[in-house]
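Here is the structure we will look at, set down as structure tokens.
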Amino acid sequence: EKNKAARFISFLENVVPLKVKMSKKLIGTDDKNNVSNFKYTNYVEICPLCKDDLLYLPAKTARNLGNIARCVLVKNISNVIHVIDPLSGQTASMTEEAYWRDPIRPIITAARSRLTRYVVLGKEPVPLDVRRNVSKRAPTRKRRNQLAHVTLAKEDDLGINDVQLE
């Protein structure tokens, strides 16, 4: 059973940021046969962040993540936490060590709040010169994320009214 627990913890370490504490307690010994019985305990604390959570980073953490804005969205969770600035499209990755050094609680949790579903009716990319808060020293690389103006409508209101949001 100890091996199964170790394998499960190893799996979790590759999937989510977590903190592990292991302990071993002596239950009894048999001096004649030189046998000891131990109780093994594994304590695992999993990062409480989920995809699409809204975070407000401490100033020091934001600086360490490449001077990203302090208000960010969680883009993806793996063994590292990927965040994105919704205003500039800048992304950063936070290691599990950095997270556990200064844990961050979400402002809004997508998993626990009631979110409204919208349909995207149109989109227009924002030109690079119009964007604010974009670092001049950022390396030029293929942009996987791009800022855009979108036209939205509530999914529940489709066919009932023509209210559109930009």
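The values are calculated or read from the model by the stated rules, or taken from the named source; none is laboratory data. No experiment lies behind these values; they were computed from the predicted model shown. Counting neighbours? That spans all protein chains shown, and the Cβs are built from the backbone with ideal geometry, glycine included. SASA here: full protein model, heavy atoms, side chains in, ligands and nucleic acids out. Shrake-Rupley method; radii C 1.70, N 1.55, O 1.52, S 1.80 Å.
Listed values, structure above:
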item: Failed condition for Gly159, given (1) surrounded by 11 or more Cβ atoms within 10 Å (Cβ to Cβ); (2) at pLDDT 75 or above; (3) of a type in the set (Gly, Ala, Ser); result: (1)
item: Pairs, first free of Cβ contacts under 8 Å to residues at least 40 places away in the same chain in the range 4-21, second open to solvent by less than 30 Å² (accessible area, probe 1.4 Å) and β-branched (Val, Ile, Thr), C-beta under 9 Å, six or more apart; result: Val20/Ile9
item: Subset of the range 25-36 [among the basic types (Lys, Arg) and surrounded by 10 or more Cβ atoms within 10 Å (Cβ to Cβ)]; result: none
item: Answer residue from the range 132-156, given it is polar (S, T, N, Q) and in contact with a strand residue (DSSP E or B) (Cβ under 8 Å, 6 or more places away or on another chain) and is modelled with the lowest pLDDT among those; result: Asn145
item: Restricting the range 11-23 to residues that are out of contact with any strand residue (DSSP E or B) (no Cβ under 7 Å at 6 or more places or on another chain) and surrounded by 10 or more Cβ atoms within 10 Å (Cβ to Cβ), the residue that is nearest to Ser78 (Cα to Cα); result: Val15
item: Contacts under 6 angstrom Cβ, first residue in the range 146-166 being in contact (Cβ under 8 Å) with a residue 24 or more places away in the chain, partner assigned to a loop (DSSP other than H, G, I, E, B) and loosely packed, with under 11 Cβ neighbours inside 10 Å, 6 or more apart; result: Thr151/Glu166; Glu155/Arg117
item: Top-ranked residue of the range 77-109 - restricted to ones that are in contact with a Lys or Arg (Cβ under 9 Å, 6 or more places away or on another chain) and exposed (fewer than 15 other Cβ atoms within 10 Å of the Cβ), ranked as modelled with the highest pLDDT; result: Trp100
